[in-house]
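The values are calculated or read from the model by the stated rules, or taken from the named source; none is laboratory data. Fair warning: this is a prediction, and the values are worked out from it, not measured in the lab. Neighbour counts run over all protein chains shown; Cβ positions are idealised from the backbone, glycine included. For the accessible areas, the whole protein counts, side chains as well, though only heavy atoms, and no ligand, DNA or RNA atoms are used. Shrake-Rupley method; radii C 1.70, N 1.55, O 1.52, S 1.80 Å.
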Amino acid sequence: MDSGRISEHGFLADGRSAALVDRHGSVNWWCPARFDSPSVFGRILDDRAGHWSIAPEADDVTVSRSYLDDSLVLRTVFHTGTGSVAVTDALALEPGARGHDIGLRSPRALVRVVEGLSGVVPVRVEFVPRFEYGRVTAYLKRSGGLIDAMAGACRLSLRSDVPLACRDGNATGRVPVRAGDTLRFTLGYAPTYDGGDPALPDADRAVAEAVAGWRSWADLHDYQGRYRDQVRHSAMVVQGMTYQPSGAVVAAATTSLPERPGGDRNYDYRFVWVRDFSLTLRALWRSACPDEADRQFSWVARAMGRIDGGRVPIMYGVEGERDLTEHALDHLRGYAGSRPVLVGNDAWKQRQNDVLGEIIDAAWLMRHYLDPMSPDVRHLLCDLADQAARSWRLPDSGMWEARDTQRHYLSSKVQCWTALDRAVRFGSRLGDPADVRRWARARDEIRAAVLGRGWNDRLGAYTGAFDSDRLDASVLLMPLVGFLPAADPRMRSTIDVVERRLSRDGLLLRFDGDPAGFLICSFWLTSCLALAGEQERAVRLFEQLAGRVNDLGLYAEQIDQVTGEQVGNFPQAFSHIGLINAAGLLTDIAERRRDVPADRPHFLATGTDVVAMST
């Protein structure tokens, strides 16, 4: 049995890591130490890399599943010809943790509860741990009613209500589950040499605590704009992808799920991209999560430290690590034969000038929280503005992280403009009059260069790089950051050309040759249409995109334009952030002439001005 399609998986989280569970009751991914640590279940990348399945032994199984309301606790119901059973899965939270404290001290335990609903259903349990991304098969040892799996630096302990037979590094068992029966399983992780045993909380209590913890977090974030249910759920997914000890949000929970099955663009996304930073902050704020937004800014400031004119790192590990050197796991065949399977991401070495704009834009968004501005933050922002003034003329790898050659990407120039525009707005809070004049001059030079060398008369559009004839969806950021109004004739033409040439059924490629529609670009198109005055078409497109989630409301990075299959790493924070921000913009436009509740952050993008204000 293989791991199934990407979209067949559900997502569990505990503030440190994530697990993926498919429709067949198999846990196919879990890196228990933290998001980017080695897996103990890696079946999604290779059938030999470990899994833990609990499922009916029947051929005529139908499945329904859902999250328990306002939580990331998953309940899957299996209906067979002889009866029905439910499996409830959760990554445990610390008992009593509520609100913003959830995930800070999670016990690193995966709990599963099986309930007989009707009839009698034969259920098979397969516990197949494989450490170090499937490299290591542990000896299984029975000890005091537990099954211990220990090898190298990793230890797992499983408490099971079903007797399991151990053989060749696997533990298996069968049991008839009758209506009214309840079976409980708790799997705990601990490092081998830290001196402690894996935590094994009571399964029933752990499920109840996880539900209560997630619901308490949701209760603090009462978004009241349009598409409330979708925004609240996407905000919870983003929260589930947050490494709570630091507050960093990873791009995705997985590595090497391909942009095209069988392809080789298979990267590790379990890290934190500065590019995502401003959009993540905006999404958290839009979804009524200002405390998380404040933590995000604090985290990036700590991770960067003093730049002092050096190259700005474009990504980090969840605790601020910079060296994310990439290597291949050659022993894994990859999802659908997609090799290489990679750990680490060499994009950390690239120059990507757009990150300068993302950071200063985030500071502008958070300016009320930065008043008074600390000397360290002021020094960082000044240094970034100075870099934008110096570096905007240099080619870079661009926001799609090209690995062939550096180019003069338009989105990088525009985001350098954003950095300087926001620095000028900060004015004396950030620099002295000479600084502000210098930043303003550089900002105006960038604008002139983009308007001149970025426009292609033959295409009738701004293109992906200076003096290029290649379209690129990243130019849709121009109205979203306030560089040009969406209704500007050239910008409006660009939106039309990009949509006509790169879009199919609302799914927008990043560029010609992109293997699938890139979801956040599709949401950018929605926002641009709304800003250009086409609200009805924007709403139709948004609702079409919002309907492309899987049955649990989850997005991967991309969706195939032909088959509709989700592809890429999963779940993808960028995609959910795109939904939140597009829904917020549609709300803003609908309410532009109406009063907005005083306790809700409000965002407007009008003309060449982007304003974030806590009204």
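If we scan segment 440-447, do we find a residue that is at pLDDT 95 or above, open to solvent by 10 Å² or more (accessible area, probe 1.4 Å), touching a Ser or Thr at 6+ places or on another chain (Cβ under 9 Å) and among the hydrophobic types (A, V, I, L, M, F, W, C)? No, that holds for no residue.
Scanning segment 159-217 for residues that are within 27 Å of Ser37 (Cβ to Cβ), under 27 Å from the mean Cα position of the chain (by Cα) and without any contact (Cβ under 8 Å) to a residue 40 or more places away in the chain gives no hits.
State whether one or more residues within segment 22-42 are touching a His at 6+ places or on another chain (Cβ under 9 Å), of a type in the set (Val, Ile, Thr) and in a loop (DSSP other than H, G, I, E, B). No, because not a single residue in segment 22-42 is touching a His at 6+ places or on another chain (Cβ under 9 Å), of a type in the set (Val, Ile, Thr) and in a loop (DSSP other than H, G, I, E, B).
Is it true that Tyr243 is closer than 27 Å to Ala516 by Cβ and either polar (S, T, N, Q) or surrounded by fewer than 24 Cβ atoms within 10 Å (Cβ to Cβ) (or both)? Answer is no for this residue.
Residues in segment 222-235 that are open to solvent by 40 Å² or more (accessible area, probe 1.4 Å) and not in a loop (DSSP other than H, G, I, E, B): Arg228, Asp229, Gln230, His233. Tell me which residues, restricted to segment 499-528, are within 17 Å of Ala252 (Cβ to Cβ) and in contact with an Asp or Glu (Cβ under 8 Å, 6 or more places away or on another chain). The answer is Arg510, Pro515, Ala516, Gly517, Phe518, Leu519. Which of the residues spanning segment 381-395 are surrounded by 22 or more Cβ atoms within 10 Å (Cβ to Cβ) and not in a loop (DSSP other than H, G, I, E, B)? Across segment 381-395, the qualifying residues are Leu381, Leu384, Ala385, Ala388, Ala389. In this structure, Gly607 qualifies as open to solvent by 20 Å² or more (accessible area, probe 1.4 Å), of a type in the set (Gly, Ala, Ser) and at pLDDT below 50.
Run down Gly452, Gly398 and say which single residue is without any contact (Cβ under 8 Å) to a residue 12 or more places away in the chain, among the small types (Gly, Ala, Ser) and either in a helix (DSSP H, G or I) or closer than 26 Å to Tyr267 by Cβ (or both). Gly452 is the lone residue from the list that is without any contact (Cβ under 8 Å) to a residue 12 or more places away in the chain, among the small types (Gly, Ala, Ser) and either in a helix (DSSP H, G or I) or closer than 26 Å to Tyr267 by Cβ (or both). Every listed requirement among (1) open to solvent by less than 50 Å² (accessible area, probe 1.4 Å); (2) in contact (Cβ under 8 Å) with a residue 40 or more places away in the chain is met by His408 save one, (1).
Condition first: buried (at least 19 other Cβ atoms within 10 Å of the Cβ), part of a strand (DSSP E or B) and at pLDDT 95 or above. Can you find one or more residues in segment 484-505 that meet it? No: zero hits.
Tell me which residues, restricted to segment 236-260, are touching a helix residue (DSSP H, G or I) at 6+ places or on another chain (Cβ under 8 Å) and in a loop (DSSP other than H, G, I, E, B). Met241, Ser246, Gly247, Val250, Ala251, Ser256, Leu257, Pro258 - these are the residues of segment 236-260 that are touching a helix residue (DSSP H, G or I) at 6+ places or on another chain (Cβ under 8 Å) and in a loop (DSSP other than H, G, I, E, B).
Can you name the residue in segment 46-68 that is in contact with a helix residue (DSSP H, G or I) (Cβ under 7 Å, 6 or more places away or on another chain) and in a loop (DSSP other than H, G, I, E, B) and, of all such residues, is farthest from Ile147 (Cα to Cα)?
Leu68
Taking the criterion of being under 18 Å from the mean Cα position of the chain (by Cα) and either closer than 21 Å to Asp383 by Cβ or free of Cβ contacts under 8 Å to residues at least 24 places away in the same chain (or both), the residues of segment 293-339 that qualify are Gln296, Phe297, Trp299, Val300, Ile314, Met315, Tyr316, Gly320. Filter segment 84-139 for residues that are free of Cβ contacts under 8 Å to residues at least 24 places away in the same chain and part of a strand (DSSP E or B) and give the result. Answer for segment 84-139, where residues must be free of Cβ contacts under 8 Å to residues at least 24 places away in the same chain and part of a strand (DSSP E or B): just Val136. Consider segment 38-82 and keep the residues that are touching a strand residue (DSSP E or B) at 6+ places or on another chain (Cβ under 7 Å) and among the basic types (Lys, Arg). The one that is most open to solvent (accessible area, probe 1.4 Å) is Arg75.
Applying the condition of being of a type in the set (Gly, Ala, Ser) and crowded, with 20+ Cβ neighbours inside 10 Å to segment 289-314 and asking which residue is modelled with the highest pLDDT yields Ala303.
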